[in-house]
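Okay, structure first, notes after.
The values are calculated or read from the model by the stated rules, or taken from the named source; none is laboratory data. Since the structure is predicted, the reported quantities are computational estimates derived from the model, not experimental observations. Every residue, glycine as well, gets a Cβ built from its backbone with ideal geometry; the counts of neighbours run over all protein chains shown. Only protein heavy atoms, including side chains, enter the accessible area calculation; ligands, DNA and RNA are left aside. Shrake-Rupley method; radii C 1.70, N 1.55, O 1.52, S 1.80 Å.
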Amino acid sequence: MRHFLLWFVLVAIGMEVHAQTPLIESAETVPAASQWLQPGDRLQVRLKGQPGSKVTFLGNQPMTELDAALTKGQRGIYQGTYVVQPGDTLHNRLIIFQLLTPDSLQATAQSKAQIRFLNPNELQLAVTKGALPYLNYGLGEDRLGGAKIGYLDSLVQLHITGRVGNLYRVQLAENQTAWVPQEVVRLLPPGGFVPTSLTGSWSVYGDSLYDYVQVPLEARLPYRSQLLTEPTRLVVDVFGATSNTNWITQRDGLQELGDVHYEQPQPNVFRLVLNLKHIQSWGYSIGYRNNTLVIKVKRPPQKLQLRGLTVAVDAGHGGTNVGATGASGAREKDLTLSIAQKLRHELEQAGARVIMTREADVTVENVDRVLLLRKANPDLLVSVHVNSAGGGASQGTSTYYRYVAFQPLSVALYDEMRKTGLQGAGNVGSFNFGLNGPTDYPNALVETAFISNPEDEKRLIDPAFQQQMAEHMVAGLKNFLRNTRAKGLRGWLQHEPAEQ
Ligand SMILES: [Zn+2]
């Protein structure tokens, strides 16, 4: 075992200060964020200081001065890597750097970030909390947040093997990790085991509203789902689960679930493969009832027509969230509300029931919109926004979807929106936007036009053009329903009686 703590104390006592010309200009971990690392992980550091020196960190770990070719000619940039070894201990400490110049001047510096080396023999577990916990693929961040794997239920047990800043690393399986934001988990006291479970025998059935698959587990394990097409199927991986499923009873009353089976692609990854009967999926949700995984599969609406359908309309932004603004002073939040209200009117005229995520100039967070919609359980969602880009050259309409199974809705809307005379700016997939996140119902985002483009802006602020866009969105929804009807059931089921 290396005694990093003891070393830390000795260096701290012997620290010297060189005020006039700092021998060390800066020194930090890379990334410059507090981290938890486990054996095998790399602690990376960078220091800028007096060129030609001997620089060390974490006791006597050497740092290398980078060749000027790697630093655009800058000298005195040092980098170091330390691979955490079994037995290493470090308890949320700053990293100490030491520099020794050729003429024996010395300086020390410390990182701002705190580092902890995890002891793999004392697991760090956590459970999800809050209304909408989720997993991310990596550490990326932008205005849409990190790329999401998907939502989880609450009280799902996670094995935490690292941390960078406010994200914890979750070990899902041997070679699969994810990241979870600190605010959606609660850390558990030490002493737990890696969450695992054998799977029980499934129950597959339908009630008057949905089809269900229930898989008994011994713990709430994390999962990841993918709604795939050609053929239409839902694939759910449960991490930490191993099959002890000896039969699957498929009861009467199923309407949307076709053949269901499982695979065990890795020792601790249990994969459910649920074939769906219709080419167009209408969504699904996953959660736990006690420790039983419950997958609820939606059926197509009884009639594929707007009359009687529940359509959710989301007016983007609102209240303190203004969104983009145009050269004329037009604000996205006002335009989206105005278009959404016209869309609502047209949908109601067609006999649809409409749910609005906001009906006035009020602030509603996207998370709250998603939760509101989850409760309202619409058949479809259209989110209305106004696009913006620097420079003013970009123009036209575009639509967005997250999951390939919901692409047809966004394409139908796109094709109709272009008929308003707006240029086509594309149909965009895998879009990591909050309201494209739900799997519960087909959803699409319409970025109506660019407020940053003078020509588009003129149209956006024109009430007659807003009306035209609303009418074309309704036409797009009708086309989607018509196409869905035409596609019908999957090929191998085509002999079944067609529905109206
Ligand atoms: Zn927007």
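Things to note:
- Considering only alpha-carbon pairs that sit under 8 angstrom and 6 or more positions apart, the relative contact order computed for the stretch 201-297 is 35 percent.
- Ranking Tyr441, Tyr210 by solvent-accessible area of protein heavy atoms (1.4 Å probe, all protein chains present), from largest to smallest, gives Tyr210, Tyr441.
- Compactness of the stretch 18-75 is given as radius of gyration and Dmax, 13.1, 40 Å, from Cα positions.
- P(r) weight above 22 Å for the stretch 201-297, C-alpha pairs, percent: 21 percent
- Straight-line cross-link partners of Lys296 among the aspartates and glutamates, defined as a Cα under 17 Å from its Cα and at least 8 positions apart when in the same chain: Asp153, Asp207, Asp211, Asp237, Asp252, Glu256, Asp259, Asp379, Asp440.
- Mean projected area of the Cα convex hull of the stretch 124-187, taken over all directions, amounts to 4.1 nm².
- Coarse-grained scattering of the chain at q = 0.11, 0.13 Å⁻¹, given as base-10 log I(q)/I(0) from a Debye sum over alpha-carbon atoms: -1.00, -1.16
- Using just its DSSP H runs of length 4 or more, each adding -39500 (n - 2.57), the chain gives a mean residue ellipticity at 222 nm of -5500 deg cm²/dmol after division by all residues.
- Surface accessible to a 1.4 Å probe, per residue, for the residues of the chain, Å²: 46 Å²
- Phi to ³J(HN,Hα) by Karplus 6.51 cos²θ - 1.76 cosθ + 1.60 over the stretch 163-176, Hz, x for Gly, Pro: 8, 9, x, 9, 10, 9, 8, 10, 8, 8, 8, 2, 10, 10
- Under the span-like rule (Cα at least 18 Å along the axis, Kyte-Doolittle mean at least -1.0), DSSP H helices of the chain: 332-349, 463-487
- Charge tally in the Cβ shell below 14 Å around Pro267, where Lys, Arg are +1 and Asp, Glu are -1, Pro267 excluded: -2
- Taking amide H atoms as placed 1.01 Å from N in the peptide plane, the amide H of Leu198 lies under 5 Å from those of Glu218, Thr242, each 5 or more residues away in sequence or on another chain.
- For the chain, the share of accessible area belonging to carbon and sulfur comes to 49 percent (1.4 Å probe, ligands and nucleic acids excluded).
- All aspartates and glutamates inside 19 Å of Lys419 as judged from Cα atoms, apart from same-chain residues fewer than 8 positions distant: Glu346, Glu447, Glu455, Asp456, Glu457, Asp462, Glu471
- Heavy-atom accessible area ranking, 1.4 Å probe, most first, across Asp103, Asp415: Asp103, Asp415
- All distinct Cα pairs of the stretch 95-253 go into the 1/r average, and the inverse of that average, the Kirkwood radius, is 18.7 Å.
- Taking 20 Å as the straight-line reach from the Cα of Lys54, the aspartates and glutamates in range (excluding those fewer than 8 positions away in the same chain) are Glu16, Glu25, Glu28, Glu65, Asp67, Asp103.
- Stokes-Einstein diffusion coefficient of the stretch 92-151, Kirkwood radius over Cα pairs, 10 °C, 1.306 mPa s, in µm²/s: 99 µm²/s
- Across the chain, the mean sequence separation of Cα contacts (distance under 8 Å, 6 or more residues apart), normalised by length, yields a relative contact order of 10 percent.
- Accessible area of Leu105 in the full protein assembly, 1.4 Å probe (Å², nearest 10): 80 Å²
- Within the full protein context, the accessible area of Leu152 is estimated at about 10 Å² for a probe radius of 1.4 Å.
- Links that overshoot a 31 Å alpha carbon limit, given the list Lys72/Lys112; Lys148/Lys333; Lys298/Lys458; Lys333/Lys478; Lys129/Lys298; Lys333/Lys375: Lys298/Lys458
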